[in-house]
Structure formats: structure tokens, C-alpha cells
1. If a residue must be of a type in the set (D, E, K, R) and assigned to a helix (DSSP H, G or I), how many such residues does the range 139-196 contain?
2. Cβ contacts < 8 Å: first residue under 17 Å from VAL63 (Cβ atoms), restricted to the range 1-17; second residue outside any helix (DSSP H, G or I), any location; separation 6+ or different chain. Result?
3. So is ALA132 surrounded by 15 or more Cβ atoms within 10 Å (Cβ to Cβ), under 14 Å from the mean Cα position of the chain (by Cα) and either assigned to a helix (DSSP H, G or I) or at pLDDT below 95 (or both) or not?
4. Can you tell me how many residues within the range 103-118 are surrounded by fewer than 24 Cβ atoms within 10 Å (Cβ to Cβ) and farther than 15 Å from ALA11 by Cβ?
5. Consider VAL63 against the criteria (1) surrounded by fewer than 24 Cβ atoms within 10 Å (Cβ to Cβ); (2) under 16 Å from ALA177 (Cα atoms); (3) not acidic (Asp, Glu): it satisfies all of them except one. Which criterion is unmet?
Amino acid sequence: MPLACVTIAAAAYLLGSIPFGYMLMRIFRKQDIRSMGSGNIGATNVMRVGAYGLGAATFVLDVLKGCSAVWLGVLIASALAPGMAFRDAEGVAALCAVLGHMFPVWLRFHGGKGVATGFGVFLVAAPWAALAALGVFAVAVAISRYVAVGSIAGAASFPIFALFLVSGSRPLFFIAAQFGVSLLIIVMHHSNIRRLIKGTEYKIGAKNRE
């Protein structure tokens, strides 16, 4: 069991740490996204600097790496620890994949905020709750015109939806991982929260102030 947990954690972290936004901007625009806009490597910042196609690709790839991490976690558990609850394997993989995205070893632990990757991990582990949280994100962005508000609202709502929409076994660690990932995403938006309070946060359709 310990070997399975360590292997799942390492594999999920490494998958999550692939910096697609950074890589795509380097390959196709010869630019370092970390020196542009907010300095974030995620899809929102890639789009913010005008690379809409690359931003969309970053979002899709970040979602897919989250999905892949959870699928791989369950496969590793079935091979190394058949008695391990698959929900626990999903929880370990989900948490470590998001941590990998936020703190990638390849970029000196300076990564993204985990929204797309977090959506990806729970699109596999808790699909209906993830889709419901995506709906909250969309409504919040449409009303406020702030992506950060949508991200925070979606992250905050996800664990609540999961309590009602996840069927089958729900071990304590699996529930803790849901709340942990949501909290991490909200905490990673601390700079956005400060800008929202000051009224300087980037609003969709407005001139970029950064």
C-alpha cells in the first residue's frame, strides 16, 4: 500500500507538472509567458496576452493531464495494491496532479493556479460535481466579467456539489482531497483577490491593466 501511494503521488505530480502553457508559448511564439501579463502559465494568462488559440490548447491539455493522472492512479493501484480503495487512489492522484501544476519542478516550482487541472482530475473522479462547478464558473464569469471570480466561485462550490452528486463509496481521504484541491485553488488566487478588492483586476472586455 505505501509503495502504491508513493508511486501514484509521483506519477500524478509529474503529469500535473507538465507546463503546457509555457511550452506552447515557447514553441510557437518564442516567448516566456512568465514574463507577460500576470506571469501565470495557465490558459487565462495565455489568452490575456492575445494568444487565444494557444490559450484554448493550454486549457484542453491541462484538463487532459488532470484526467490522465487520475486514470493512471487507479491503474497503478490496481496493479500494486489491489486492495486499495479506488477512491483513495483517485484522491491521491487528484491532489498531487494539482500540486504538480501549481508547483512544477521544471519551472522552479512556479506554476499555475490549478483551475483547468483541478477540473480535469474531478471530471474523472466526480464528473457531475465537476460539471456543476463549471456551470457556476460560467455564470459567475458572465455576471461579473472576472475570470478570477468564476474560478473562485467554481472551486468553492465543487465540494458542496460533490457531497450530493458523488455516488458510491466516499472514503474520508477522497472527501478531504476534494476540499483540499478547492482550497488550494482559492488560495492560489490570492493576488487576484487583492486586485479585486483594489478594483484593479483584469475584466473581460476591458483594457489590460497589467
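The values are calculated or read from the model by the stated rules, or taken from the named source; none is laboratory data. Keep in mind that what you see is a predicted model, and the values were worked out from it rather than measured. Counting neighbours? That spans all protein chains shown, and the Cβs are built from the backbone with ideal geometry, glycine included.
1. Here is the first cut: in the range 139-196, the residues of a type in the set (D, E, K, R) are 145, 170, 194-195.
Of the ones still in play, those that are also assigned to a helix (DSSP H, G or I) are 194-195.
Qualifying residue count, the range 139-196: 2.
2. GLY16/PRO104; SER17/PHE103; SER17/PRO104; SER17/GLY111
3. On the way: surrounded by 15 or more Cβ atoms within 10 Å (Cβ to Cβ): yes; under 14 Å from the mean Cα position of the chain (by Cα): no; either assigned to a helix (DSSP H, G or I) or at pLDDT below 95 (or both): yes.
So ALA132 does not fit the description; no.
4. Narrowing the range 103-118 to residues surrounded by fewer than 24 Cβ atoms within 10 Å (Cβ to Cβ): 103-110.
Then keep just the ones that are farther than 15 Å from ALA11 by Cβ; that gives 103, 106-110.
Adding up the residues that qualify gives 6.
5. Among (1) surrounded by fewer than 24 Cβ atoms within 10 Å (Cβ to Cβ); (2) under 16 Å from ALA177 (Cα atoms); (3) not acidic (Asp, Glu), VAL63 violates only (2).
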